[in-house]
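Participant: This is the structure I have questions about; it appears just below.
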Amino acid sequence: MRLLVPTNWDTELIRPLSQIKADVQIFGVLPTSMMGSGMVGPDITQMPTKQAEKYIKLAHSAGLSFNYLLNAPCMNNMEWEEDTHRELLQHLEWLSNCGVDCVTVAIPYLLELIKNQFPCLKVEVSTIAHVNSVARAKLFESLGADSIILDSNANRDFRLLKAIRNAVACELSILTNSLCLYQCPYEYYHNNTLGHATQNHNPLGGFYMDYCVLHCASNRLSDTSQFIKSRWIRPEDIHVYEEIGIDFFKIGGRAMPTEWIINATEAYSSRHYQGNLYDILSVLTPKIREVKPPLSSAEITTITSPPKVYIDNQSLEGFIDFFDKQDCPSGCAHCRYCQEIADKAVKLDSGEVNKYVGRLKSSLGDIASGAWQSRLSEIASGFHPSQ
C-alpha cells in the first residue's frame, strides 16, 4: 500500500510514520508562500524555511519522501508580473535544492513551468484541480503530470474511476477522508479564498472570513445524510480502489494534531478502524464566540463548540456496494439510501446540534446583512479539528 500522509511539521511524526507498514510519502507546506495552498487557519504550524529544510532532510533520513504543496487554484495573475515571477522561480529552486521529491499543483501553467525548468521534480495534480473526467485527466497527463489526485466527488463513481484508469498511464490517487459536502456549492469559492489567504503578496495580509465553513457545518449538521454523502473511504474498503488500479491514497489533515495523524495513518495502513469513523475524517469546524455587553466591569464571553459526532464504522460494513451501480449525480433527488444509512450509523445530541446550528445561522445572517464588520470577533474565533 502507498499512502500520502499529512505533516504538521512536528518532528515527533517522523519515527512513527517511518514504522508504518506501507510506502509513506508525507506532504506539507509553509504557512504562506508566493503560490499559496489549500489550507489556512490558527492550527497551521508556523515554519521558518531553514527549519523546513532540516525537517525534509530528517524525513529523508527516515526513508520518507516529501511532497510539497503549491496547490492554490489562483495566483491573482501575479505569476505574470516580472518581480513576482522571479520570486516564483526562486521558490521552486529552493524546493529543488531542499531535495523535495514531488510538488502538488492545481494550476496547469505551474505544471508546465515546473516540468520545463525543474525536471528533477515530480509533479502531482491536486484534487483542487477537479480532475473528474477522462478528458481532463488526459489533458493534465499531456502537460506532464506524473500523478493526479482525482476530484473527491468522483470517489464513489466506479464507472468513471475505471474509465480514467484505462485512459491514462500516470499514477492516480484519491483523497480518503474528507468530510466536505458532496458536490459542495461552496467548494470552488472556498479553495480560492484559502489560496489567496496563504499567498504572501495578498494585500489583506492573510485575512479572510470562512463563510464557506460556516455554511458547510450548518448544512451537514442540519441534514445527517450529508455525513454519508461525503466521499470519504472506509479503511476496510481500500481494496475496492486497489482492484480498479488506484496507485496511492491520500489522508487529509495537515492542521490536525500529531496523535490524530498517526491514528488515521495506522487505520488506513491496517485497513481497519474500530469505533467512531469521525475520529479519522478530516474536517475543520468553527467555534463560535459571543461577546456580551459587560454587566459590571468586564465583558462576558461564551464559546459554542461543535456538537460531538459519532459514526459507527462497523455498521457501515458493505454499504459501499450500493454505489457500484448507482448514478449519484442524477439520482440523488430520488434516493434515500444515504439518509437510511445515516439514521443507522450517525449519532448526535439534538440539543447540542440545535444550539450550535442556531449560532451558525445567526453568524451567517450577520455576514449577509453586513453586521459582521462590527462583530468580527463574535462570528468566527477560530477553527479546530474534529473531536
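A short reminder: the numbers here are calculations on the coordinates, not readings from a lab. Computed from a prediction, not measured in an experiment: that's the story for all the values here. With ideal geometry, Cβ positions are generated from the backbone for all residues, glycine too; neighbour counts draw on all protein chains shown.
Participant: Please list 3J(HN,Hα) in residue order for the range 29-36, calculated via the Karplus relation 6.51 cos²θ - 1.76 cosθ + 1.60 where θ = phi - 60°; whole Hz, with x for glycine and proline.
Facilitator: Taking θ as phi minus 60°, the curve returns 6, 5, x, 9, 7, 4, 9, x Hz for the range 29-36.
Participant: Hand me the trypsin sites (Lys or Arg not before Pro) from the range 1-104 located in a DSSP loop with no more than 14 other Cβ atoms within 10 Å, in residue order please.
Facilitator: 21
Participant: Sort the following peptides by mean Cβ neighbour count (other Cβ atoms within 10 Å, averaged over residues), highest first: 70-81, 189-200, 329-340.
Facilitator: Averaged packing, sorted descending, gives the order 189-200, 70-81, 329-340.
Participant: Considering only 49, 32, 176, give the residue with the highest GNM mean-square fluctuation for the chain, with springs between Cα atoms whenever their separation is below 10 Å.
Facilitator: 49
Participant: So how far, in whole Å, is the C-alpha centre of the range 161-182 from the one of the range 200-216?
Facilitator: First find each Cα centre; the distance between them is then 28 Å.
Participant: Could you work out how much longer the chain between residue 219 and residue 274 gets when fully extended? Use 0.36 nm per residue separation minus the Cα distance between them, nm to one decimal.
Facilitator: 17.1 nm
Participant: Now, a different point. Leaving out same-chain residues fewer than 8 places away, which lysines sit with a Cα under 22 Å from that of residue 287?
Facilitator: 308, 347, 355, 361
Participant: If you place +1 on the Cβ of every Lys and Arg, -1 on the Cβ of every Asp and Glu, and leave all else neutral, what size is the dipole of the chain about its Cα centre, to the nearest 20 Debye?
Facilitator: Magnitude of the dipole: close to 440 debye.
Participant: Just to check I understand the Karplus step: with θ = phi - 60° and J = 6.51 cos²θ - 1.76 cosθ + 1.60, what whole-Hz values come out for the range 222-229, glycine and proline as x?
Facilitator: Working through the residues one at a time gives 7, 9, 5, 4, 5, 4, 8, 5 Hz.
Participant: What distance in nm lies between label points placed 7 Å from Cα along the C-beta direction at residue 85 and residue 50?
Facilitator: Those two pseudo-labels are separated by 3.3 nm.
Participant: Right, something else. What FRET efficiency comes out for residue 112 versus residue 350 if R0 is 51 angstrom and r is the Cβ-Cβ distance? Round to the nearest 0.05.
Facilitator: 0.45
Participant: Points 7 angstrom from Cα along the Cβ direction at residue 97 and residue 368: gap in nanometres?
Facilitator: Simple spin-label model gives 5.2 nm for this pair.
Participant: Taking only C-alpha pairs under 8 Å that are 6+ residues apart, what is the relative contact order of the chain in percent?
Facilitator: Reported as a whole number, the value is 18 percent.
Participant: What pairs from 57/229; 162/344; 54/138; 21/57; 57/250; 138/250 go past 28 Å between their alpha carbons?
Facilitator: Going by Cα-Cα distance, 57/229; 162/344; 54/138 fall outside the 28 Å limit.
Participant: Related question: To the nearest 0.05, what FRET efficiency results for residue 159 and residue 315 with a Förster distance of 41 Å applied to their C-beta separation?
Facilitator: 0.95
Participant: Listing 96, 315, 178, 142 from the residue with the fewest other Cβ atoms within 10 Å to the one with the most, what is the order?
Facilitator: Fewest-to-most Cβ neighbours within 10 Å comes out as 142, 315, 96, 178.
Participant: Which FRET efficiency, nearest 0.05, do residue 1 and residue 60 yield, Cβ-Cβ r, R0 22 Å?
Facilitator: Calculated transfer efficiency: 0.60.
Participant: Karplus couplings for the range 245-259 from phi (6.51 cos²θ - 1.76 cosθ + 1.60, θ = phi - 60°), rounded to Hz, Gly and Pro as x?
Facilitator: x, 5, 7, 8, 10, 9, 9, x, x, 6, 8, 7, x, 4, 4
Participant: Could you work out how far apart the two model spin labels at residue 146 and residue 200 are, taking each label as a point 7 Å from the Cα in the direction of the beta carbon, and quote it in nm?
Facilitator: So the two model labels end up 2.5 nm from each other.
Participant: Any chance you could run the full-extension gain for residue 326 through residue 361? It's 0.36 nm times the residue separation minus the Cα-Cα distance, nm to one decimal.
Facilitator: Full-extension gain reported as 9.3 nm.
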